[in-house]
Structures are given as C-alpha cells and as structure tokens.
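Written below as structure tokens is the structure these notes are about.
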Amino acid sequence: MEAESMKYVVDIVKFMAIAACVISMKPAAEGITKIWLALIDTVGRNPDVKKDVNAFGLIGFATVEAIALYAFLIALIMLFL
C-alpha cells in the first residue's frame, strides 16, 4: 500500500515539474510578441530600414523561440521518462 501511494506522489511531482516547464513558455510568447510589435512599428515609421531591422528581428525571434522549444522538449522528456 505504501509503495503504491509513493508512486502517486512521484507522479504528482512529475506533473508539477512539467507544468512549471510549460508555464515558462508564456514569457517566451510575450517576448516574441514584443519583438514583432517593435519590428512592425519600426518599419511603419521608417520603411527604408526594413532590411536592417528584419535581420535583427528574425535573430531575436529565433533566440526567444529556442527558449520555448527547450522548455517544451524538457517537459516532453519528463513526461515520457
């Protein structure tokens, strides 16, 4: 009986850790939104700088998205291991 209840406790802790990883993706989504809003605002004010700003926007998008994907990957690893 005690071994079975410990299994439930381990599962609860595992799912709480997965939830923490998934919750950490929210700031990444907000960061991506801020990057694209700044990019659109900058190009809207000065269309001549589109090529320069576009490269920096894509680099920023890729780094922030990588953080979210790493968190998602860790959550999947914890779920299935």
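All of the numbers you see were taken from the coordinates with simple rules; none came from a lab. Quick caveat: nothing in here was measured; it's all calculated off a predicted structure. All Cβ positions, glycine included, derive from the backbone under ideal geometry; neighbour counts span all protein chains shown.
Can you give the angle from 0 to 90° between the axis of helix 2-23 and the longest principal axis of the chain, with both taken from C-alpha atoms, to the nearest 10?
Its long axis makes an angle of about 0 degrees.
Taking the chain as the reference, fit the longest principal axis to its C-alpha atoms, fit the long axis of helix 25-45 to the helix C-alpha atoms, and give the angle between the two in degrees, 0 to 90, nearest 10.
10 degrees
Go through Gly60, Tyr8, Ser24 and say which Cα lies farthest out towards the positive end of the charge dipole of the chain; charges sit on Cβ, +1 for Lys and Arg, -1 for Asp and Glu.
Among Gly60, Tyr8, Ser24, the one farthest towards the positive end of the dipole of the chain is Gly60.
Counting pairs of alpha carbon atoms under 8 Å apart in space and at least six apart in sequence, what relative contact order in percent does the chain give? Spell out each step's value before the answer.
Working: 46 pairs, mean separation 39.3, N = 81.
Here the relative contact order equals 49 percent.
Which ³J(HN,Hα) values, rounded to whole Hz and listed in residue order, are derived for region 66-78 from phi using the Karplus coefficients 6.51, -1.76 and 1.60 in 6.51 cos²θ - 1.76 cosθ + 1.60 with θ = phi - 60°, glycine and proline given as x?
Once θ is set to phi - 60°, the couplings for region 66-78 become 4, 4, 5, 5, 5, 5, 5, 5, 5, 5, 5, 4, 5 Hz.
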